[in-house]
Amino acid sequence: MPRNKRTASTARAPGRKQDATPLIDRVGVGAGAPNLGIDGRDGEDGYDGMPGTQGPPGAAGAAGAAGAAGPTGLAGLPGLDGDDGADGLDGFPGAVGPAGPPGTGAAGAPGVAGPPGADGADGADGFDGAPGAMGPQGPIGNTGATGATGSRGFEGFPGFDGNDGLDGFDGFPGAQGPQGPAGGGGGGGLTLTAIVKDLGVARRSGTFDVTGLAGLVAGKQVLIVQSAAQVASKGNARDEAEMDLVVATGYVVDAATIRAHWFAANGSVIVGDVAFGYAVSG
């Protein structure tokens, strides 16, 4: 527990020693008289007491008097010009004023003639006029020199034989002629040699050779016709000419060979074996 502080009458200044001089009883010194001793040293200062409770806040002080007005400040620099405002709308036209009195001055001298103006733009073309009358025929010009003969062009490829034309109408029977002389003996009938040739795959024209012959004369014409013979590779049918008509013609190449040119008459694609008959001219 903290020790009590000394009272003001017994307190001493901090750090100052109490005077140790003995005090003599002023009554006197004698037998049985009290003998005063020397004052003892001051004790240690006591501990600080607990802080007291904070008192209520003091009342607000009275407002001070207003201060004197300060000196006037220097004038600021002029501000920059603001942006121009948008143009205002045009006002309504004013009423026409009364006509002024006619002038009394003399007419002015004529002005100097100005320079000629620039040519104006061309006008649109006019409509064509009516055609004029035909003039007289001019004299016949001289005959020009004959041009040089041009070089001979390349010989073209032989064209395909055209389709046979439709049979014409039978004519009216003519008058009977006189009886001719007696004829000689009759000749033999036309005999065709039967062959079957493979014309390839998906073709509309081409050539084929008949080989292994003998005794032929080169250059002779050969009659070749598609026949209605049965073709074993096509089921022995006889309607090949009806479905895919093939036209052919040929000639003798040498003593053992005939060459034929053919094409599909109706433009169809020919595939595989086709039956033909041929005869060599005499």
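All of the numbers you see were taken from the coordinates with simple rules; none came from a lab. Predicted model only: the values in this text are computed from it and were never measured. Every residue, glycine as well, gets a Cβ built from its backbone with ideal geometry; the counts of neighbours run over all protein chains shown.
Take the Cα of Ala75, step 7 Å toward its Cβ, do the same at Leu223, and the gap between the two points is 13.8 nm.
Calculate, for Ala109 and Asp87, the FRET efficiency according to 1/(1 + (r/R0)^6) with r their C-beta to C-beta distance and R0 41 Å; round to the nearest 0.05. Walk me through the numbers before you get to the answer.
On the way: r = 43 Å, r/R0 = 1.04.
For Ala109 and Asp87, the calculated efficiency is 0.45.
Potential lengthening of the chain between Arg204 and Asn163 amounts to 13.3 nm, from the contour at 0.36 nm per residue minus the alpha-carbon distance. Placing dummy labels 7 Å off each Cα toward the beta-carbon, the span from Gln230 to Arg152 is 5.4 nm.
Pair-distance distribution P(r) for the stretch 193-280, from all Cα-Cα distances in 5 Å bins starting at 0: 3, 15, 27, 24, 17, 9, 5, 0 percent.
Pairs of Cα atoms nearer than 8 Å and 6+ residues apart set the relative contact order; for the stretch 193-280 it is 48 percent. Ordering Phe92, Phe208 from the fewest to the most neighbouring beta carbons within 10 Å gives Phe92, Phe208.
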